[in-house]
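FYI, it's all coordinate maths here, none of it is from the lab. Keep in mind it's a predicted model, so treat the numbers as computed, not measured. Positions of Cβ are generated from backbone atoms using ideal geometry, with glycine treated the same way; all protein chains shown enter the neighbour counts.
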Amino acid sequence: MRKETKKTEKHPEKTTQKDVKTSEHAVRYFFVGIGITLFNYILYTILSNVIINNNDFLWLSTLISTVITTIVAYIAHSKITWKERSITKHSIIRFFIWNAILAFAIGPWITQLFSLITPLYDFAYQIIEALHIPFTYEFTLTTGAFVLTSVVVMILNFFFYDKFVFGKTKEPKKETT
């Protein structure tokens, strides 16, 4: 029997560079996001528990850590998560405008809102005490507010970055003959 070749089979010389599927971006975003979030968490923890050390100013800890982490995030996402997409001055501007909105309005407000869920932190702290883990209630509250805020911000960021910041596929280089 003769094997038929599919007419839709792509030949390497005719293949153009196509965009990676959104699910692959989501996986890369997740792993890059873990590293960025850990960096942000360490910075936020130092600010909220050592330098600022006042729950009424959790918003300030969030603001400062977000601004610094945003620079790290842009570099990481442009080089790793969406590496096959074109980076333009418009994508850079959109990235920083979106993150400025998060840093100055959405993130701090969400963090302050999440800090008010005291029954959740009371419960978490009771578990921490029962397990004899040497964390203070303040640390439990600030960490809980950070984690909840991070989840919301990461979901918003993924969709915004994927559609509006890193949305264009790089044009393949034209071969000269």
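How large is ³J(HN,Hα) for each residue in the stretch 119-129, as worked out from phi by the Karplus curve 6.51 cos²θ - 1.76 cosθ + 1.60 (θ = phi - 60°), to whole Hz, x for Gly and Pro?
After applying 6.51 cos²θ - 1.76 cosθ + 1.60, I find x, 5, 6, 4, 5, 4, 5, 4, 5, 4, 5 Hz.
With θ taken as phi - 60° and the coefficients 6.51, -1.76 and 1.60, list the Karplus ³J(HN,Hα) couplings across the stretch 144-157 in order, rounded to whole Hz; mark glycine and proline as x.
For the stretch 144-157, the Karplus-derived couplings read x, 5, 5, 4, 5, 5, 4, 4, 4, 5, 5, 5, 4, 4 Hz, x marking Gly and Pro.
So what are the ³J(HN,Hα) numbers for the stretch 71-76, from phi and the Karplus equation (6.51, -1.76, 1.60; θ = phi - 60°), rounded to whole Hz, Gly and Pro as x?
Working through the residues one at a time gives 5, 4, 5, 4, 4, 5 Hz.
Where the only charges are on Cβ atoms (+1 Lys, Arg; -1 Asp, Glu), what is the dipole of the stretch 49-177 about its Cα centre, to the nearest 20 debye?
With only Lys, Arg, Asp and Glu charged at Cβ, the dipole is about 1000 debye.
Starting from the Cα-Cα distance between Lys89 and Thr136, subtract it from 0.36 nm times their residue separation and give me the gain in nm to one decimal. Provide the component values of the computation, followed by the final result.
Values: separation 47, 0.36 × 47 = 16.92 nm, distance 4.49 nm.
Stretched out fully, the Lys89 to Thr136 stretch lengthens by 12.4 nm.
I need the chymotrypsin sites (Phe, Trp or Tyr not before Pro) found in the stretch 73-155, filtered to DSSP loop residues with at most 13 other beta carbons within 10 Å of theirs. Please list the in-between numbers first.
On the way: sites: Tyr74, Trp82, Phe95, Phe96, Trp98, Phe104, Trp109, Phe114, Tyr121, Phe123, Tyr125, Phe135, Tyr137, Phe139, Phe146; in loops: Trp82, Phe135.
Listed in order of number, the matching sites are Phe135.
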